[in-house]
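Trainee: Have a look at the structure that comes next, please.
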Amino acid sequence: MDLDNMITMANQIGDFFDSMPDRDEALTNIADHIHKFWAPRMRTAILHALDTPDGAELNPIIREALTLHREELEPASA
């Protein structure tokens, strides 16, 4: 999948959860959604983007959720 599309999808997820009054719950829900519905290779790609200039395209709430929950979002080693 194209990284630009994944960034767009992540930002849409962030837009949805950003309206929640409880910020911590929103961050956890974002991470849970990405963990449940994104393939491991997609999670790896979006986490890698976080550490590159491409990460600047991610909404602040997505950057925060990915950073906070990075360990649980990283796919298990084979």
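The values are calculated or read from the model by the stated rules, or taken from the named source; none is laboratory data. Here the structure is a predicted model, which is why all the values come from computation and not from measurement. Note: ideal-geometry Cβ built from the backbone for every residue, glycine included; neighbour counts use all protein chains shown.
Trainee: Just to verify a result, which residue in the stretch 56-71, among those that are over 18 Å from ASN5 (Cα atoms) and of a type in the set (Asp, Glu), is surrounded by the most Cβ atoms within 10 Å (Cβ to Cβ)? Lay out the reasoning, then the answer.
Mentor: The initial filter retains those residues of the stretch 56-71 that are over 18 Å from ASN5 (Cα atoms), namely 64-65, 67-71.
Filter once more, so that each one left must be of a type in the set (Asp, Glu): 64, 71.
Numbers: GLU64: 16, GLU71: 6.
Step by step, filter the stretch 56-71, then rank; the result is GLU64.
Trainee: If you go through the stretch 1-9 one residue at a time, do you hit one that is touching a helix residue (DSSP H, G or I) at 6+ places or on another chain (Cβ under 7 Å) and modelled with pLDDT under 95?
Mentor: Taking every residue of the stretch 1-9 in turn, at least one turns out to be touching a helix residue (DSSP H, G or I) at 6+ places or on another chain (Cβ under 7 Å) and modelled with pLDDT under 95.
Trainee: Six or more apart or on different chains, Cβ atoms under 6 Å: show the pairs whose first residue is in the stretch 10-23 and among the aromatic types (Phe, Trp, Tyr) and whose second is buried (at least 16 other Cβ atoms within 10 Å of the Cβ).
Mentor: These pairs meet every condition: PHE17/ALA26; PHE17/ASN29; PHE17/ILE30.
Trainee: Quick one: in the stretch 10-55, of everything that is exposed (fewer than 14 other Cβ atoms within 10 Å of the Cβ) and among the hydroxyl-bearing types (Ser, Thr, Tyr), which residue is nearest to LEU73 (Cα to Cα)?
Mentor: Across the stretch 10-55, the extreme among qualifying residues is THR52.
Trainee: I've got another one for you. Out of curiosity, is GLY55 touching a helix residue (DSSP H, G or I) at 6+ places or on another chain (Cβ under 6 Å), of a type outside the set (Lys, Arg) and modelled with pLDDT under 95?
Mentor: Numbers: touching a helix residue (DSSP H, G or I) at 6+ places or on another chain (Cβ under 6 Å): yes; of a type outside the set (Lys, Arg): yes; modelled with pLDDT under 95: yes.
Yes, satisfied.
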